[in-house]
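Notes for the one structure printed next.
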Amino acid sequence: MPCGGPAAHAGRDYVRGLLGPVGRKNSWQLAEYAGHATPHGLQHLLSHSRWDADGLRDDLQAYVAEQLGQTGGVLILDDTGFVKKGTTSAGVQRQYSGTAGRTENCQIGVFAAYATTRGHALVDRELYLPKSWTGDRERCQAARIPDERTFATKGELARDMILRALSSPLPIAWVTADSAYGQDSHFRRFLEDAQLSYVVAVPKSQQVNGPRIDHLIAQAPPEAWQRLSAGPGAKGERFYDWAAARLPAAAESDGDEPTRQQWMLARRSISKPDEIAY
């Protein structure tokens, strides 16, 4: 990986341009924003420089562990879409993008972030490759996708990132994810087998020992709801009504002390009581 000299400076300027107020993120625009006379340096970085992306990820995780690491650290899994116009970007096809809120021609990346009370940072990534790509080796070769890359679901990519994070210096106690991952019982069992606590979203149709979770929560008496803040937001504390119930699943214990239990949790909007997340 570049560790100094022109490549390191180009890498720094490239990232600053991506984060800056640049309308079109091409080499010409980014070079102009960085004060370069030509885009040749950035083009060389993107097209010809050789560097170890996974090695850089490992260095990043070690740095984040040193700067932000705490025993109650949380690993956050989520995917996001990158809208594209062409057909040659690796993994691009018409697919649902949560970022756009609709089906778009886009790439999908699965990301892991690490958070503690000291701050948060992205620590890993995987590009989702649909079967339309992994089943077409010529297309993969043209996009320089390694031959060993085979189809993997977003959940499988997330599990790979969790395993990498657990083998890194990052101290992780909890994992969170949205319902795309939370509704997968295999994903939840994987977290339990890894001895990780988790809070994952599920759809209202999620079955809990038979009944749907929304039907169970609807039976909660008024006194079961508590008004609590989900944390500060742009307009102050974000208050919701919350209700929770322990599930009748076998609890794991260490002697007489319970070590792990399963709960269902509901978060209800104060202004729109019909809006409940599970």
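Looking only at region 170-224, which residues are of a type in the set (D, E, K, R) and over 28 Å from LEU60 (Cα atoms)? Explain how you work it out, then say what you get.
Narrowing region 170-224 to residues of a type in the set (D, E, K, R): 178, 184, 188-189, 192-193, 204, 212, 214, 223.
ASP184, ARG189, LYS204, ARG212, ASP214, GLU223, listed by residue number.
Which of the residues belonging to region 20-58 are open to solvent by 30 Å² or more (accessible area, probe 1.4 Å), hydrophobic (A, V, I, L, M, F, W, C), touching a Gly at 6+ places or on another chain (Cβ under 9 Å) and part of a helix (DSSP H, G or I)?
Result: ALA34, single match.
Condition test on SER89, is it touching a residue at least 24 places away in the same chain (Cβ under 8 Å), of a type in the set (Ser, Thr, Tyr) and surrounded by 12 or more Cβ atoms within 10 Å (Cβ to Cβ)? Talk me through it step by step, then tell me what you get.
Details: touching a residue at least 24 places away in the same chain (Cβ under 8 Å): yes; of a type in the set (Ser, Thr, Tyr): yes; surrounded by 12 or more Cβ atoms within 10 Å (Cβ to Cβ): yes.
Here the answer is yes, as SER89 does meet what is asked.
Within region 63-75, how many residues are open to solvent by 40 Å² or more (accessible area, probe 1.4 Å), assigned to a helix (DSSP H, G or I) and touching a residue at least 12 places away in the same chain (Cβ under 8 Å)? Before you say what the answer is, go through the steps one by one.
Applying the first criterion (open to solvent by 40 Å² or more (accessible area, probe 1.4 Å)) to region 63-75 yields 63, 66-67, 70-72.
Next, only the ones that are assigned to a helix (DSSP H, G or I) stay: 63, 66-67.
Narrowing further to those that are touching a residue at least 12 places away in the same chain (Cβ under 8 Å): 66-67.
Number of matching residues: 2.
All but one of (1) closer than 24 Å to LYS154 by Cβ; (2) open to solvent by less than 60 Å² (accessible area, probe 1.4 Å); (3) touching a helix residue (DSSP H, G or I) at 6+ places or on another chain (Cβ under 9 Å) hold for ALA245; which doesn't?
All conditions pass for ALA245, except number (1).
Quick one: what pairs do we get from region 267-278, first residue under 20 Å from SER205 (Cβ atoms) and part of a loop (DSSP other than H, G, I, E, B), second open to solvent by 100 Å² or more (accessible area, probe 1.4 Å) and not aromatic (Phe, Trp, Tyr), C-beta under 7 Å, 6+ apart or different chains?
SER269/GLU275; TYR278/LYS204
Being at pLDDT 95 or above and of a type in the set (A, V, I, L, M) is the filter here, so list the residues in region 47-83 that pass it.
The answer is LEU60, ALA62, VAL64, ALA65, LEU68, VAL74, LEU75, ILE76, LEU77.
The values are calculated or read from the model by the stated rules, or taken from the named source; none is laboratory data. Since the model is a prediction, treat every value here as computed from it, not as a measurement. Neighbour counts run over all protein chains shown; Cβ positions are idealised from the backbone, glycine included. Keep in mind that these areas ignore ligands, DNA and RNA; they rest on the heavy atoms of the full protein, side chains included. Shrake-Rupley method; radii C 1.70, N 1.55, O 1.52, S 1.80 Å.
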